[in-house]
Amino acid sequence: MLILLPPSEGKTPAKGGDAVDWASLSFPELNTYRAKVLDALGTVSAHEDALALLGVGASLRADVERNTRLHAEPAAPAHQVYSGVLYDALGYDSLTPVQRKKAEASVLVVSALWGAIRFGDRVPAYRLSMGTALPDVGRLASFWKPQLNEALLAAAEGELLVDCRSSTYAAAWAPPAPQTVAVNVFTEVNGVRKVVSHFAKHTRGELARHLLTRRGKAPATPVQLQRAAAEKWTAELVEGTARKPHTLNIILPN
């Protein structure tokens, strides 16, 4: 089983330590492309219109300035750098040592800067969205799509892929549909379903935690994933096709 997560919008900077060690990152074949994005991001972030170019507000000026020195910024494991609703619900810090090892082996974060990394990979805090277009790189989802397809297919072979990414990050890699389950979260009132972004992020984080902490073997098929989710929520499985992934719909009480 592999759990695909988006990064958090906000990042927690490391308080000290060494800069990123490129050779130690998972999927080192992506390093050439990571360096290209990093250089383009540094150039844009040094521009006088950097905030507008990156689509962020004035409150994030310090984050954008940090982008200009990411080669030297201290790095920390991805599970510490990524924060926010989904990651709080996953709660890496409260996992047991065995569960943490499982998380580091099972979780892949699809990133606008790094392409894809694992929880144990040490990276600096940065500010960049997959929906951004950078000079000489273009729109990042389009830039990463062929690179991730080549790099991640081997890691995905024989695995059930639990896709908890937002649509912005899902655009960067379309994993093999027959073995992929996209996770949707709804509230339902009088038979009408509604997507609520905050609760969707939180529930996807809770689902990831449940899959990492529950007893027994990890789900290996979409049906087994639905049964695992049904241990905590009302959950239904919509079968996919050869080209369209399965969908797990989690229905939250009103």
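Distance from the C-alpha centroid of the range 198-235 to that of the range 1-79: 30 Å, rounded to the whole angstrom. Relative to the longest principal axis of the Cα atoms of the chain, the long axis of helix 31-45 makes an angle of roughly 60 degrees.
Taking the Cα atoms of the range 144-254, the ratio Rg/Rh between the radius of gyration and the Kirkwood radius comes to 0.97. When you work out D = kT/(6 pi eta Rh) for the chain at 37 °C and 0.692 mPa s, using the Kirkwood radius from C-alpha pairs as Rh and the Stokes-Einstein form, the result is 175 µm²/s. Seen against the Cα atoms of the chain and their longest principal axis, helix 97-106 is set at about 80 degrees. Here the Karplus relation 6.51 cos²θ - 1.76 cosθ + 1.60, evaluated at θ = phi - 60°, turns the backbone of the range 54-62 into coupling constants of 8, x, 10, x, 5, 5, 9, 4, 5 Hz, with x for every Gly and Pro. The residues neighbouring Gly57, those whose beta-carbon lies less than 15 Å from its own, together hold a net charge of -2 under the Lys/Arg +1, Asp/Glu -1 convention. Given +1 at the Cβ of Lys and Arg, -1 at the Cβ of Asp and Glu and no other charges, the dipole of the range 63-169 around its Cα centre is 80 debye to the nearest 20. 3J(HN,Hα) couplings calculated from phi for the range 244-253 with the Karplus curve 6.51 cos²θ - 1.76 cosθ + 1.60 (θ = phi - 60°) are, in sequence order, 10, x, 5, 10, 9, 9, 9, 10, 8, x Hz; Gly and Pro show x. Taking 7 Å along the Cα-to-C-beta vector as the label spot, tell me the Asp88-Lys244 distance in nanometres, rounded to one decimal. Taking the simple label geometry, Asp88 and Lys244 are separated by 3.5 nm. Once the convex hull of all Cα atoms in the range 17-164 is built, its volume per residue stands at 124 Å³.
Heavy-atom accessible surface of the chain, averaged per residue, reaches 48 Å², computed with a 1.4 Å probe. Please compute the net charge surrounding Gly138, taking Lys and Arg as +1 and Asp and Glu as -1 over other residues with Cβ under 15 Å from its Cβ. Here the count lands on +1.
Here the relative contact order of the range 1-106, from alpha carbon pairs under 8 Å that lie six or more residues apart, stands at 44 percent.
Residues whose amide H comes within less than 5 Å of that of Arg139, counting only those at least five positions distant or on another chain, are Leu134 (H built at 1.01 Å from N in the peptide plane). Based on Cα contacts under 8 Å between residues 6+ apart, the chain shows a relative contact order of 23 percent. Axis of helix 140-156 versus longest Cα principal axis of the chain: the two differ by about 50°, to the nearest ten degrees. To the nearest µm²/s, what D does Stokes-Einstein give for the range 190-247 at 37 °C and 0.692 mPa s, using the Kirkwood radius over alpha carbon pairs as Rh? Reported coefficient: 255 µm²/s. The Cβ shell under 12 Å around Thr213 holds other residues with a net charge of +4, Lys and Arg each +1, Asp and Glu each -1.
Here the sum of -39500 (n - 2.57) over DSSP H runs of 4 or more residues, divided by the residues of the chain, equals -10500 deg cm²/dmol at 222 nm, to the nearest 500.
Overall, the accessible surface of the range 31-136 at a probe of 1.4 angstrom is composed of carbon and sulfur to the extent of 52 percent.
About its Cα centre, the chain has a charge dipole of approximately 620 debye under the convention of +1 per Lys or Arg Cβ and -1 per Asp or Glu Cβ, with nothing else charged. Proximity of backbone amide H atoms, modeled 1.01 Å from N, is registered between Ala182 and Asp163, His246, Thr247, Leu248 at under 5 Å, excluding neighbours fewer than 5 places apart on the same chain.
Derived scalar couplings between HN and Hα for the range 213-222 equal 10, 5, 6, x, 6, 5, x, 10, 9, x Hz in order, rounded to whole Hz, by the Karplus curve 6.51 cos²θ - 1.76 cosθ + 1.60 (θ = phi - 60°), x for Gly and Pro.
The values are calculated or read from the model by the stated rules, or taken from the named source; none is laboratory data. Computed from a predicted model, the values in this text were never measured in an experiment. Cβ atoms come from the backbone with ideal geometry, glycine included; neighbour counts cover every protein chain shown. Note: areas computed on protein heavy atoms with side chains; ligands, DNA, RNA excluded. Shrake-Rupley method; radii C 1.70, N 1.55, O 1.52, S 1.80 Å.
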